[in-house]
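Below: the structure, in structure tokens.
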Amino acid sequence: AGRFYQHAPTETSQATLASVSPVFAVMKFDKKGNTTYFEKKKTELYQELGLQARDLRFQHVMSIATRNNRIIMRMEFLKAVITPEFLLILDYRNLSLEHWLLNELASQLAGEGQLVTYSLPFEFRAIEAILQYWISKLQGRLNTLQPQILETLEALVDPKLLSVDRSKLHILLQNGKSLSELETDLKVFKETILEILDEEEVIEELCLSKWTDPQVFEESTSGIDHAEEMELLLENYYRQAEDLLNEARELRVLIDDSESIIFINLDSHRNVMMRLNLQLTMGTFSVSLFGLIGVAFGMNLESSLEEDPRIFWLVTGIMFLGSGLIWRRLLSFLGRHLDPPLPPHVPPVLKKSQPAAGRVEIKTSLKGETFGLNRSTITNQ
């Protein structure tokens, strides 16, 4: 039994390693957009491509690298290897990814819908198709978050609400977290492209056909600079990522401003409740102060006053009248110390004696304030 216990973990670990099949599910696209599917072991695949084993160890990171006249693209779950003749998509079993692969990628690789007057090499179309897919995915995430955030903020910033809906705050918290993840993905995408744009040698290496096909090399020397075209292609998607990141930052600023407005509204309602509580406390103090008269007459002491029936009404009136006067004085004292003071009155003589330069400065400042107000109004809309 002891020997069996010692060997059991080893047999279990071996069974676990055996159950993991070291193969890639591969979808292959050629220059004409034809698609083939197959499964191949990792060792066989990187030997056929002339790569090292570490080149096909894809983590959920983002990078674009070249090795042995191959382009290796990592876009988180999207893993691709580009050659001058074909494109390989590895581990493609993903619902959204399969939809894109079957419906859009094949036609893009075949050169359909190109906006240029001459035919670009295959690797250009493959890189652009992958970058276009990823930037459209980021754009879709932003388009999904933006109306949800604006709707939630509009419901939370309403000044008529005396309290904040916790469910709306929970939704805003989740959307804010998703927005932060989107900002991080956009920054990583920008930094990945920027690293390539800063290295001219890497841009040259991305032009695979320029060094393998003599005809393409002759075309590049006769006026078509493929390295410049690759740089323009990457700069285009870098600008798109920058625009999306700016929109995400505007949403972040809007969330921060709305949080400040929410806190201001809550402070205002809290001040109203505190003032009401203070007024009621003053009223209670006033009634208690003159209630001492009733307490004195309620003692079991005999005097000549309790025999007169008019004394009851006289004492009761004095109590209510005194309590009302004291409460009124306390309220006026509270108003003088809590209400903001009125702005000082400017005599009309001083208004007329202002120089022309001062009036011009006032008009300029008013125009600036009006312009800022219009911008804020447009942003809120």
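The values are calculated or read from the model by the stated rules, or taken from the named source; none is laboratory data. Treat the numbers as computed from the prediction; the structure is a model and nothing was measured. Accessible surface areas use protein heavy atoms only, side chains included; no ligands, DNA or RNA. Shrake-Rupley method; radii C 1.70, N 1.55, O 1.52, S 1.80 Å.
Starting from the residue with the highest accessible area, list K168, K210 in decreasing order, probe 1.4 Å. Write down the numbers at each step before the final one.
Details: K168 65, K210 25 Å².
Ranked from most to least accessible, the order is K168, K210.
Over the alpha-carbon set of the range 20-109, work out the extent along each principal axis and list the three values in angstrom, largest first.
That gives 32, 29, 24 Å along the principal axes, largest extent first.
Can you send over the carbon and sulfur percentage of the accessible area for the range 20-109, probe radius 1.4 Å, protein chains only? Please report the intermediate quantities before stating the final value.
Numbers: 2180 of 4610 Å².
That fraction is 47 percent.
As a test of the definition: which semi-axes, in Å, follow for the range 115-279 when you take the square root of five times each eigenvalue of its alpha carbon gyration tensor? Largest first, please. Can you show the working numbers first?
Values: eigenvalues 555, 33, 22 Å².
Here the semi-axes work out to 53, 13, 11 Å.
Distance from the Cα centre of the range 222-267 to that of the range 133-152, in angstrom?
About 12 Å separates the Cα centre of the range 222-267 from the one of the range 133-152.
Using the Karplus curve 6.51 cos²θ - 1.76 cosθ + 1.60 with θ = phi - 60°, work out ³J(HN,Hα) for each residue of the range 35-46 in order, rounded to whole Hz, and write x for Gly and Pro.
Running phi through 6.51 cos²θ - 1.76 cosθ + 1.60 with θ = phi - 60° gives 10, 9, 10, 6, 10, 9, 5, 5, 5, 5, 5, 6 Hz.
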